[in-house]
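Notes follow the structure.
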């Protein structure tokens, strides 16, 4: 016989695609440990802080509060704030780093060109 050991439970669980999911992580039946996200904008480094905050808040409303209409309204309000220039520009910055000198890159990406200027 094969013995299986309990590891963890995700409930509720939002599967977006392969290797991209979010859910409430439970290791005991009383209370969830944390909201766990993998592969989506909350953990990716190639997005601005506004997107990370937006996705985190929406996931909290959907998974913890079970308030899908509230999440939709939050997104609409954030888009409205963005269109009305009521968002701090520091939330829209995406940072990139260079690991080599400019000459060492075979194909120069936009951030490499910008760094050389």
Using the alpha-carbon atoms, what tilt in degrees (0 to 90, nearest 10) does helix 68-83 show relative to the longest principal axis of the chain? 10
Kindly put 27, 56 in sequence by how many other C-beta atoms sit within 10 Å of each C-beta, fewest to most. 27, 56
With a 10 Å Cβ neighbour count serving as the proxy for reagent exposure, in which order, fewest first, do 2, 16 appear? 2, 16
FRET efficiency for residue 87 and residue 13, using Cβ-Cβ distance with R0 set to 35 Å, rounded to 0.05: 0.65
May I ask you to sort 11, 6, 32 by Cβ crowding, counting other Cβ atoms within 10 Å and putting the fewest first? 6, 11, 32
Would you please report the Å³ per residue occupied by the convex hull of the alpha carbon atoms in segment 1-107? 201
Classify segment 49-117 as rounded, prolate or oblate from the Cα gyration tensor: take a ≥ b ≥ c as the square roots of its eigenvalues, call it rounded if a/c is under 1.5, otherwise prolate when a/b beats b/c and oblate if not. prolate
Fully extended, how many nm does the chain gain between residue 68 and residue 2 (0.36 nm per residue separation, minus their Cα-Cα distance)? 19.7 nm
Assuming R0 = 22 Å, what is the FRET efficiency of residue 80 and residue 57, from their Cβ-Cβ distance, to the nearest 0.05? 0.90
Estimate the FRET efficiency between residue 26 and residue 94 by the formula 1/(1 + (r/R0)^6), using the beta-carbon distance for r and 30 Å for R0, to the nearest 0.05. 0.35
Over segment 9-116, what is the mean sequence separation of C-alpha contacts under 8 Å (at least six apart), divided by residue count, expressed as relative contact order in percent? 17
Report the residue, chosen from 33, 104, 65, that carries the largest GNM mean-square fluctuation when the chain is represented by alpha-carbon nodes joined by springs under 10 Å. 104
Expressed in angstrom and rounded, the centroid-to-centroid distance over alpha carbons for segment 1-17 and segment 63-117 is 32
I'd like the orientation of helix 49-59 relative to the chain: the angle between its Cα long axis and the longest Cα principal axis, in ° from 0 to 90, rounded to 10. 10
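Read-outs: derived from the displayed coordinates by stated rules, not from any lab. None of the values given here were measured: they were computed from a predicted structure. All Cβ positions, even for glycine, are placed from backbone atoms using ideal geometry, and neighbour counts span all protein chains on display.
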